[in-house]
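J.: Sharing a structure here in structure tokens format.
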Amino acid sequence: MAPGSPRRYRCAACGNLTRFNVVVTRRTRAFYHYTVGGELSVEAEEVLSEVVEDVSCRWCDHGRAVEEVDANDLRDADRQAADDR
Ligand SMILES: [Zn+2]
């Protein structure tokens, strides 16, 4: 996965492009910065690895119909949808 290009999804069952429940396992490294009083702020968090475990549609809950799509294809689809209006 190239940084700066988030995955996009589409539900083939209902056409949803915008709302998904996503379960992700992430390994990160971060700078834990405590105050003397023990209050924590997490800084400079870096994602070392990321695995998408499960994606399901928020609209129809149809997990198996969700497919990953190319963000560039999606921009074309968005443009067509705007033209249709
Ligand atoms: Zn759906």
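J.: Filter region 45-60 down to the residues that are under 11 Å from Arg26 (Cα atoms) and not charged (D, E, K, R) and list them by number.
T.: The answer is Val47, Leu48, Ser49, Val51, Val52.
J.: Only residues that are more than 16 Å from the ligand (Cβ to nearest atom), under 11 Å from the mean Cα position of the chain (by Cα) and of a type outside the set (Lys, Arg): list them for region 1-49, please.
T.: Listed by number, the residues that qualify are Ser5, Pro6, Val23, Val24.
J.: Determine if region 50-61 includes at least one residue that is over 14 Å from Arg7 (Cβ atoms), modelled with pLDDT under 90 and surrounded by 10 or more Cβ atoms within 10 Å (Cβ to Cβ).
T.: yes
The values are calculated or read from the model by the stated rules, or taken from the named source; none is laboratory data. Computed from a predicted structure; not experimentally measured. Here the Cβ is made from the backbone with ideal geometry for all residues, glycine too, and neighbour counts use every protein chain on show.
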